[in-house]
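This report refers to the structure that appears directly beneath it.
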Amino acid sequence: MNQHTLNSTPSTMDLDAIRRDFPILSRQVRDGKNLIYLDNAATTLKPRQVLDVVYDHYAYGASNIHRGVHFLSEEATKLYEGARETVRRFINARETAEVIFTSGTTSAINLVAKSWGRKNVSAGDEIIITHMEHHANIVPWQMLREETGCVLKIAPINDRGELDMAAFESLITPRTKMVAVVYTSNSLGTINPVRDIIRLAKVHGAAVLLDAAQTVAHTKVDVQSLDCDFLVFSGHKLFATSGVGVLYGKRAVLEAMPPLMGGGDMIKSVTFEKTTYAGLPARLEAGTPAIGGAIGLGAAIDYIQKIGFAAIADQEKDLLAYATGLLSELPGIRIIGTAAEKTAIISFVVDGIHPHDMGTLLDAEGVAVRAGHHCTQPVMARFKIPATTRASFSFYNTRADADALVHAIKKAIEVFA
Ligand code: PMP
């Protein structure tokens, strides 16, 4: 456990107890510095409650799922399918058939672009994305453009890093087949007005995919209330392990999608002449999945639901306001991404210090942040910068973490003065 004091916050959660759930927070790095982990947008830390179930699966329950008749296989299948039900409840999907386990956000978007895209998009049809997409929601659509001759339209953003909604609306036409947007930007922190986006897309009958990779760990997502066609996220950004993620899709939309991968577990029957496919969700989950990962994802969801999104939002809102206030006072700093609706991500540049150098100097103080383009090179180009340093917070972070960040930035500024 870190020894630093936990400043008072408006949150009702027991931060000391919560921090003890994350073994890694007791680590020291760089010559005995307490770890200050502010790289949650890259990946979140994992609580014991997740690590234990993953360990238990591999230590005492390792088995393949679905095909086995023995005890362990039945048990693992039950846990895996139980995790699917946990995800269903978490995002309020109508049925578990609408929850497809993937290896992450990237593979989920690629599945949609390649399977749904090839079936539904032809030359001249339009896909709309935004200027703030992660590369995972750009490149698959460019690949589809190569294949089909469709048109990729980019909705612009303003200087605060907010989507220009009037421009977005003017891009939608009867030829728009898909609107694929990031719910919460990983490099700017912007939370997009997804309900308005969905409403506008529906006017022209376009499908909507929401990249919720940076959303599901911070706020309740309800796919029925949103009425999106697809929603995708990664387990590793939701306190679970890497290698597991989710594609939610409406049943009718998923049912019309040809499987992208063929193989075990996705078939009803196979002869050399003809293969028939299984129903959802198996049809889109060929091969052995990340069984322990999915079970861990279920445990991660149980864990954060016990804390509750109300307490999580209070804590993260406080951290964002507190850290933004402190950072804004530093000389030569420019915060990139100042949207009115923002998650607890702060990207910044400081005059005369390359973001990578800043990242290295912060690391020397035990402060883990991200430096780079954050897989959003078009955002960097939009703001005419090569990169940013990014601090991203989670509910287990404290005001003391923000103080440590600011202290380390001040030291870096002194080094370069
Ligand atoms: N979209 C967003 C908004 C992200 O932040 C990320 C991860 N940085 C991804 C997509 C890709 O996620 P993954 O690498 O887990 O597939």
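The table for this structure:
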| read-out | value |
| --- | --- |
| Gyration tensor (alpha-carbon) shape descriptor, the range 314-417, a/c threshold 1.5 | oblate |
| Virtual spin-label span in nm between GLN28 and LYS411, 7 Å along Cα→Cβ | 1.4 |
| For the chain, built as a Gaussian network whose Cα springs stay under 10 Å, the top-fluctuating residue of SER242, SER107, SER269 | SER269 |
| Given charges at beta-carbon only (K, R positive; D, E negative), |dipole| of the range 31-100 in Debye | 120 |
| Stretch gain in nm, segment ASN158-ALA321, where the contour uses 0.36 nm per residue and the Cα spacing is subtracted | 56.5 nm |
| Overall form of the chain per C-alpha gyration tensor (a/c, 1.5; a/b vs b/c) | oblate |
| THR12-ILE333 FRET efficiency (beta carbon distance; Förster radius 35 Å; 0.05 resolution) | 0.65 |
| Euclidean distance of C-alpha centroids, the range 388-417 and the range 140-219, integer Å | 32 |
| Placed amide H near MET266: partners under 5 Å, 5+ positions off or other chain | GLY287 |
| Separation in nanometres of the label points that stand 7 Å from Cα toward Cβ, at THR288 and ALA364 | 4.7 |
| Low-density loop cleavage sites - chymotrypsin sites (Phe, Trp or Tyr not before Pro) in the range 270-362, where at most 15 other Cβ are within 10 Å (DSSP) | PHE272 |
| Packing-based exposure ordering (other Cβ within 10 Å, fewest first) of THR276, THR102, THR173 | THR276, THR173, THR102 |
| DSSP-defined beta bridges in the range 52-305 - what % are antiparallel, rounded to 5 | 45 |
| Cβ-based exposure ranking for LEU25, LEU297, in which fewest neighbours within 10 Å come first | LEU25, LEU297 |
| Relative contact order of the chain, defined on C-alpha pairs under 8 angstrom at six or more residues apart (%) | 23 |
| Prolate/oblate/rounded call for the range 45-133, Cα gyration tensor, a/c under 1.5 rounded | prolate |
| Listed residue pairs exceeding 28 Å between alpha carbons, taken from LYS153/LYS202; LYS384/LYS410; LYS78/LYS268; LYS220/LYS411; LYS220/LYS250 | LYS220/LYS411 |
| ³J(HN,Hα), Karplus 6.51/-1.76/1.60, whole Hz, each residue of the range 100-117, x for Gly, Pro | 9, 7, 10, 8, x, 4, 4, 5, 5, 5, 4, 4, 5, 4, 7, 7, 4, x |
| Restricting the range 301-359 to GluC sites (Glu not before Pro) in coil, as DSSP defines it, with at most 13 other Cβ within 10 Å | GLU329, GLU341 |
| Trypsin sites (Lys or Arg not before Pro) within the range 259-288: DSSP coil, no more than 13 neighbouring Cβ in 10 Å | LYS274 |
| For the range 276-353 versus the range 25-104, the gap between their alpha-carbon centres in whole angstrom | 17 |
| Cα-centred dipole magnitude for the chain, charges only on beta-carbon of K, R (+1) and D, E (-1), debye, nearest 20 | 560 |
| Under 5 Å, built H, 5+ apart or other chain: amide partners of ALA207 | MET178, VAL179 |
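Read-outs: derived from the displayed coordinates by stated rules, not from any lab. Everything quoted here is computed from the prediction, not taken from an experiment. Every residue, glycine as well, gets a Cβ built from its backbone with ideal geometry; the counts of neighbours run over all protein chains shown.
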